[in-house]
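The values are calculated or read from the model by the stated rules, or taken from the named source; none is laboratory data. The model shown is predicted, which means the values in this text are computed figures rather than measured ones. Glycine gets a Cβ as well: all are built from the backbone with ideal geometry, and neighbour counts include every protein chain shown.
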Amino acid sequence: VSAQAAGIGPQPAEARLHPPVANQSSRVDARVLGMLLFIASEVMLFGSFFTAYFFVRLHAKVWPPPGFERPVYVAGINTIVLVSSSFTVHWALQSIKRGNRAGMQAGLLLTFLLGFTFLFTQALEYARIGFAPRDNAFTTTFFCLTGLHGAHVMVGLTLLAMATTRAFRGHFSPEHHQGVEVPSIYWHFVDAMWIVVYTTVYVL
Amino acid sequence: VSSRARFPLFVSEEGKALRNPLRSEAEAFRFLITTIIFFAAIVGARLLMGVIVALVVAIVGVALIGRLLRGDPSAGAQAPRLVVRDHDPDDGGEPSQNGAQRPSGTGRSAPERRR
């Protein structure tokens, strides 16, 4: 790195047109670090919702209140769908690491479709569930937790749509595939959160 | 500065730091599988043996996962540590070409500090 490249001393006119190279103090790649910080904030957000849920649940005599049935089996099938999507996105990344572009494209497309199926099924369940968020504390926490997770699936689908589009445009290679890896980390996190939400809200 | 000194709460007695389970896609995938197994064990214990056993399984599971996440502190630090080298000449002259170099992540070089 020369003195001029480091931003020291007289700079050529062309170099002054652009900002200097950002100083990177962390040993983690900036994009990965950004995603990790985002996920950390998400964990705290979910933590606050779970705190509200357990507070309401511990003060209830009967849980769930009589007359309120949770769609356990449909949500169980939805869980299988979402967990499957983590396997397909893992397959997509492994494929591009081995230079298999078709495998990556198929994996990303399948992941997107499985995620969309999950969200669509959840929306259908909301329409047929028979209670509303305003009914009582149980329904409020139920819709808050599942809805918060659904919003995250929506964000994940947006990231996956971008990655899939780029995959079909040939933007990724065995050497450059961070555009697949970062959404994959987020997707695995969203799936892990659903395991927690499903177990807590529907099963236990 | 060792990781134990910087993050004492996240270092085991053996001096091994907790690994970030979401550092890469492969680790995130393993974390998801671990989460599924962990919660399946809790649900199984709850359905077969009751709430108290499920609670014990949850506590033991958290402890086990914590131990699993304790790996080699250098495992997450694949990039080499960078060393600041001050090449500012003693006679007050202009810094050498090498002295103007600034390794990323090591702050400002001596010529920059004078500004």
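Go through the residues of segment A:73-80 one by one and say whether even a single one is touching a helix residue (DSSP H, G or I) at 6+ places or on another chain (Cβ under 6 Å), under 19 Å from B:I36 (Cα atoms) and surrounded by fewer than 16 Cβ atoms within 10 Å (Cβ to Cβ).
To start, the set of residues in segment A:73-80 that are touching a helix residue (DSSP H, G or I) at 6+ places or on another chain (Cβ under 6 Å) comprises A:74-75, A:78-79.
Then keep just the ones that are under 19 Å from B:I36 (Cα atoms); that gives A:74-75, A:78-79.
After this cut, where a residue has to be surrounded by fewer than 16 Cβ atoms within 10 Å (Cβ to Cβ) as well, the list is none.
Scanning segment A:73-80 turns up no residue that is touching a helix residue (DSSP H, G or I) at 6+ places or on another chain (Cβ under 6 Å), under 19 Å from B:I36 (Cα atoms) and surrounded by fewer than 16 Cβ atoms within 10 Å (Cβ to Cβ).
Give the residue that is farthest from A:T88 (Cα to Cα), with candidates limited to residues of segment B:20-30 that are part of a helix (DSSP H, G or I) and within 15 Å of the chain's Cα centre (by Cα). Don't jump to the end; show me each part of the working.
Initially, segment B:20-30 is screened for residues part of a helix (DSSP H, G or I), giving B:25-30.
Subset that is within 15 Å of the chain's Cα centre (by Cα): B:27-28.
Working: B:E27: 16, B:A28: 14 Å.
Here the answer is B:E27.
Which one of the conditions (1) under 20 Å from A:E181 (Cα atoms); (2) in contact (Cβ under 8 Å) with a residue 60 or more places away in the chain does A:Q94 fail to meet, given that it meets all the rest?
Status for A:Q94: all satisfied but (2).
If I go through segment A:130-153 residue by residue, how many of them are over 16 Å from the mean Cα position of the chain (by Cα) and closer than 23 Å to A:H59 by Cβ? Please lay out each step first, then the result.
First, pick out the residues of segment A:130-153 that are over 16 Å from the mean Cα position of the chain (by Cα): A:130-144.
Narrowing the set further to residues that are closer than 23 Å to A:H59 by Cβ leaves A:131-144.
Final tally of qualifying residues: 14.
Looking for something farther than 16 Å from A:V153 by Cβ, assigned to a loop (DSSP other than H, G, I, E, B) and more than 14 Å from chain B (Cβ to nearest Cβ) - is there at least one such residue anywhere in segment A:53-60? Step through it out loud before you land on a result.
Taking segment A:53-60 as the starting set, the residues that turn out to be farther than 16 Å from A:V153 by Cβ are A:53-60.
Then drop every residue that is not assigned to a loop (DSSP other than H, G, I, E, B), which leaves A:59-60.
Then drop every residue that is not more than 14 Å from chain B (Cβ to nearest Cβ), which leaves A:59-60.
Checked segment A:53-60: at least one residue is farther than 16 Å from A:V153 by Cβ, assigned to a loop (DSSP other than H, G, I, E, B) and more than 14 Å from chain B (Cβ to nearest Cβ).
Is it true that B:R81 is modelled with pLDDT under 90, surrounded by fewer than 18 Cβ atoms within 10 Å (Cβ to Cβ) and within 11 Å of chain A (Cβ to nearest Cβ)? Break it down stepwise before answering.
Details: modelled with pLDDT under 90: yes; surrounded by fewer than 18 Cβ atoms within 10 Å (Cβ to Cβ): yes; within 11 Å of chain A (Cβ to nearest Cβ): yes.
Against the criterion (modelled with pLDDT under 90, surrounded by fewer than 18 Cβ atoms within 10 Å (Cβ to Cβ) and within 11 Å of chain A (Cβ to nearest Cβ)), B:R81 qualifies.
Among the candidates A:A151, A:A137, single out the residue that is over 18 Å from A:Q178 (Cα atoms) and either free of Cβ contacts under 8 Å to residues at least 12 places away in the same chain or among the charged types (D, E, K, R) (or both). Show your work before the answer.
On the way: A:A137 fails: either free of Cβ contacts under 8 Å to residues at least 12 places away in the same chain or among the charged types (D, E, K, R) (or both).
Unique residue meeting the criteria: A:A151.
Could you grab me the full set of residues in segment A:147-204 that are part of a helix (DSSP H, G or I) and among the acidic types (D, E)? Full working, then the answer.
Going residue by residue through segment A:147-204, those that are part of a helix (DSSP H, G or I) are A:147-168, A:178-203.
Listed by number, the residues that qualify are A:E181, A:D191.
Can you say whether A:V81 is modelled with pLDDT of 95 or more and in a helix (DSSP H, G or I), as far as the supplied structure shows? Walk me through it before giving the result.
On the way: modelled with pLDDT of 95 or more: yes; in a helix (DSSP H, G or I): yes.
Yes, satisfied.
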